[in-house]
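Beneath this line is the structure, given in structure tokens, with notes to follow.
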Amino acid sequence: MKHFFLASLIAGAMALPAAAADYTIIAPAGPGGGWDQTARSIQTVLQDEKISGSVQVVNVPGAGGTIGLAQFASQNSGNPNALIVGGYVMVGAILTNQSPVTLKDVTPIARLTGEYEAIVVPAASPIQNLEDLVKALKADPGAVSWAGGSAGGTDHITAGLIAKAAGVDPTKINYVAYAGGGEALAAILGNQVTAGISGYGEFEAQVKAGTLRLIAISSAERIEGIDGPTLKEGGLDVVVENWRMVAAAPGLSDEQVATINGDIEKMVKSTAWQDTLKTKGWQDTYLAGDAFKEQLDKDVAATESILKDIGLIK
């Protein structure tokens with residue numbers, strides 16, 4: 001009877017679903033920016049869909065995400081419950097800051113989203129369109145100040161490519177880097193800079209409210225739901241898509257990586273995540289596993305080439 005009872009307990013325990021993992025996600029930037037929004041969107045969907053029992057988000061801002069990346073890699077080796085968000089901005093920041101810790105020091109899981117860059121000015125600005133901005137840039141590159149994210153990131157790269165396409169020396173642009181999207185937005189709204197550049201989602205509320213004017217977006221073609229011309233329409237042959245990813249800690253087993261991949265895949269395929277993409281104006285660029293690692297290597301090489309081209313690294 002005892003053996004039967006013990007066997008029943010074991011069988012019952014094996015029949016129970018595996019406990020959902022608890023995660024801590026590092027958002028390597030201040031509140032309000034794209035990485036913070038990405039981390040908190042992952043948090044919400046993982047919890048609401050019961051993929052994870054509890055998800056915490058911790059902000060570690062600074063140096064284009066490289067401070068958070070270094071802290072994450074050094075403190076979480078072998079920890080399957082730790083995640084970090086990152087993306088194209090981090091690739092550039094690692095190169096420009098000559099960071100000793102790179103994306104090779106973590107475990108890439110998946111590319112999640114893509115977002116095009118938006119160029120905005122305060123509603124009261126005399127700059128009405130992209131043509132006006134290009135004229136001002138050509139007249140005096142240093143007099144046109146750009147507010148964006150970290151040095152060497154997507155925003156900085158886009159500003160440099162705009163200058164180059166306009167026939168202006170990209171090394172002469174006056175780019176003001178901010179650690180978080182909230183700080184950059186405050187500077188733009190406070191008329192402390194000429195223009196702002198970031199993912200459209202970070203400006204959408206202010207554009208719709210009429211406090212910011214959208215003068216261009218970095219997509220190849222106009223995007224449904226966004227009332228703004230492309231840089232190409234304004235005569236500048238520039239297309240830039242920012243992307244964001246999630247990575248896990250170094251030193252994980254294949255089984256641990258597979259579990260994390262499975263949780264992220266469930267999240268990406270959920271209706272809640274798809275709804276989040278629509279709400280935020282993010283493109284679904286989900287790519288996981290070896291395919292993502294291969295693409296990441298290509299993106300790092302391409303970014304290094306661009307940064308050299310616009311004079312941000314030698």
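Table for the structure above
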item	result
Point-charge dipole on Cβ atoms (K/R +1, D/E -1) for the chain, about Cα centre, debye to 20	300
Histogram of C-alpha separations across the chain, 20 Å bin width, %	33, 52, 12, 3, 0
Potential lengthening between SER253 and VAL239 on full extension [0.36 nm per residue; Cα-Cα distance subtracted]	1.2 nm
Rounded FRET efficiency, nearest 0.05, which uses the C-beta distance separating LEU287 from LYS208 and R0 of 41 Å	0.85
Rounded to the nearest 10 Å², the accessible area of TYR88 at probe 1.4 Å	20
GNM flexibility winner over the chain from GLY181, GLY92, GLY235 (Cα, springs under 10 Å)	GLY235
Cα centroid of the range 162-202 to Cα centroid of the range 237-314, whole Å	24
In Å², nearest 10: area of PHE203 left accessible to a 1.4 Å probe	10
Heavy-atom accessible area order for ARG244, ARG111, ARG40, largest first, 1.4 Å probe	ARG40, ARG111, ARG244
Span-rule helices in the chain, defined as complete DSSP H runs reaching 15 Å or more along the axis (Cα) with Kyte mean at least -1.0	2-15, 34-48, 154-165, 254-269, 289-309
Partner aspartates and glutamates for LYS208 [C-alpha distance under 19 Å; skip if fewer than 8 residues away on the same chain]	GLU115, GLU117, GLU224, ASP227
Sequence of SER253, SER218, SER77 when ordered by accessible area, the most exposed leading, probe 1.4 angstrom	SER77, SER253, SER218
Among the listed pairs LYS138/LYS232; LYS172/LYS298; LYS172/LYS280, those beyond 23 Å (Cα-Cα)	LYS172/LYS298; LYS172/LYS280
R0 of 51 Å, Cβ-Cβ distance LYS104-GLN128: FRET efficiency to nearest 0.05	0.65
Whole-angstrom Cα spans of the range 121-177 along principal axes, big to small	28, 24, 16
For LEU95, solvent-accessible area (1.4 Å; no DNA, RNA or ligand), Å²	40
Taking only Cα atoms of the range 182-223, radius of gyration then Dmax in Å	10.5, 31
Theoretical ellipticity at 222 nm over the chain - DSSP helices of four or more residues, -39500 (n - 2.57) apiece, nearest 500	-13500 deg cm²/dmol
23 Å tail of the calculated P(r), the range 164-252, as % of Cα pairs	36
Segment ASP275-GLU221, length gained on full extension (0.36 nm per residue, minus Cα span)	17.2 nm
Over 20 Å [Cα-Cα, the range 73-183], rounded percent	51
Computed log₁₀ I(q)/I(0) - Debye formula, equal Cα scatterers, no solvent, the range 237-309, q 0.17, 0.23, 0.27, 0.28 Å⁻¹	-0.85, -1.17, -1.30, -1.33
Accessible area expressed per residue, the chain, with surrounding protein chains retained (probe 1.4 Å, Å²)	45
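The values are calculated or read from the model by the stated rules, or taken from the named source; none is laboratory data. The shown structure was predicted, so the numbers you read here are calculated from the model rather than taken from an experiment. Neighbour counts run over all protein chains shown; Cβ positions are idealised from the backbone, glycine included. In case anyone asks, the SASA skips ligands and DNA or RNA and just uses the protein heavy atoms, side chains included. Shrake-Rupley method; radii C 1.70, N 1.55, O 1.52, S 1.80 Å.
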